[in-house]
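Report on one structure; see the data block that follows.
The values are calculated or read from the model by the stated rules, or taken from the named source; none is laboratory data. Everything quoted here is computed from the prediction, not taken from an experiment. With ideal geometry, Cβ positions are generated from the backbone for all residues, glycine too; neighbour counts draw on all protein chains shown. Just so you know, the surface numbers come from the protein's heavy atoms only, side chains and all, with ligands and any DNA or RNA stripped out. Shrake-Rupley method; radii C 1.70, N 1.55, O 1.52, S 1.80 Å.
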Amino acid sequence: METEEAERIFDEFAEAYRDWWGPLIAPAAVRVLDDVEVPAGDSRPFDLLDLGSGTGVLALTALERWPGVQVVALDTSGRMLELATDAARRQSAAFPARLRAVTAGADRMPIGDASVDAAVSSFVVQLVPNRAAALREVRRVLRPGGRFALVTWHADDPPFKPDEAFGDALDDLQIISPSDDRDIHPYTSARAAAAELRRAGFAEVRAWGVQLEHEFTPESYLDLLEHWSDRELFAGLDAETRAELRARTLRYMGDLRPDAFVWRRPLVRAVARRPRR
């Protein structure tokens with residue numbers, strides 16, 4: 001996917017991301033802040049880059065966690081950053097002065113050399129067209145000894161029974177899903193993530209696998225499909241067909257055991273440091 005097209009898509013669906021997808025992945029995202037190595041509540045000033053900030057989950061949590069932090073929130077989607085800055089204003093009158101939103105790509109950041117003390121990123125590096133260049137950019141903007149912590153998707157995509165129920169309902173109604181043209185490159189393993197960070201010039205690299213788990217109900221998963229995962233499909237249906245698709249999907253989902261709605265996805269977390277010399 002070209003950068004301009006990706007920017008358009010994320011601008012268009014920024015509110016849907018904030019309302020439907022962001023809350024689902026937020027628990028795994030904010031754990032990345034634990035790897036910054038600054039204790040919660042520490043008031044010492046430091047500069048933090050949030051790479052691919054989106055609607056600001058990491059940035060806002062960092063502002064709340066560390067009274068002295070200055071956050072640079074970088075994303076290709078200007079609309080997502082608008083939502084992040086709006087949320088910062090609503091959360092605290094003091095937050096906007098400590099948050100700088102930068103609309104730019106990760107592989108060419110308009111940020112000075114050695115200008116931040118730490119960098120974090122959640123569920124972004126798999127979307128970057130040139131990940132190697134983006135990682136080199138992170139290393140460039142970190143001060144010597146600065147720490148980079150990230151979490152992203154693992155390439156494994158285990159089957160999920162509610163998806164099969166939705167597929168059966170689509171087949172019944174002869175509805176064809178739009179093709180998925182997203183250009184996504186998740187890590188195939190924690191070892192692969194560590195190797196790429198080392199090639200980008202990082203030291204003290206560590207990477208490991210973790211899991212994101214979320215318990216849905218039939219209704220909440222169908223809502224996610226309609227408003228996020230398959231929003232284009234639902235938007236293209238008339239009201240009667242949309243209602244029938246929902247009804248059939250819920251009927252098929254009703255045959256599943258409750259534990260079938262526990263959604264588990266493997267992730268990769270990694271931490272690394274810019275060499276001190």
Principal-axis tilt of helix 131-141 within the chain, Cα atoms, nearest 10 degrees: 30 degrees
Separation of the GLU37 and ASP86 label points, Cα + 7 Å toward Cβ, nm: 3.8 nm
Segment ALA203-SER115, length gained on full extension (0.36 nm per residue, minus Cα span): 29.8 nm
Residue list for the stretch 7-51, given a label point 7 angstrom along the Cα-to-Cβ vector of GLU219 and an amide N cut-off under 18 Å: 20
Antiparallel bridges, percent of DSSP beta bridges restricted to the chain (to nearest 5): 45 percent
Binned Cα-Cα distance frequencies in the stretch 26-162 - 5 Å width, integer %: 2, 11, 21, 24, 21, 12, 5, 3, 1, 0
Spacing of the two label points (7 Å from each Cα toward its C-beta) at ALA195 and ALA16, in nm: 3.6 nm
MRE, 222 nm, helices only [DSSP H, n ≥ 4, -39500 (n - 2.57), over the chain, to nearest 500]: -11000 deg cm²/dmol
Base-10 log of normalised Debye intensity for the stretch 59-100 (one unit scatterer per alpha-carbon) at q = 0.16, 0.32, 0.33 Å⁻¹: -0.34, -1.22, -1.27
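Per residue, what volume in Å³ does the convex hull of the Cα atoms of the chain enclose?
Output value, Cα hull per residue: 128 Å³.
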Whole-number D in µm²/s for the stretch 158-235 (Stokes-Einstein; Kirkwood sum over Cα pairs; 37 °C, 0.692 mPa s): 206 µm²/s
Degrees, to the nearest 10: 190-199 long Cα axis against longest axis of the chain: 40 degrees
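If you take the beta carbon distance between VAL210 and ARG108 as r and set R0 to 45 Å, what does 1/(1 + (r/R0)^6) give as a FRET efficiency, to the nearest 0.05? Intermediate values should be presented prior to the final figure.
Numbers: r = 30 Å, r/R0 = 0.67.
Efficiency, rounded to the nearest 0.05: 0.90.
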Of all accessible heavy-atom area on the stretch 223-277, the percent that carbon and sulfur account for (1.4 Å): 45 percent
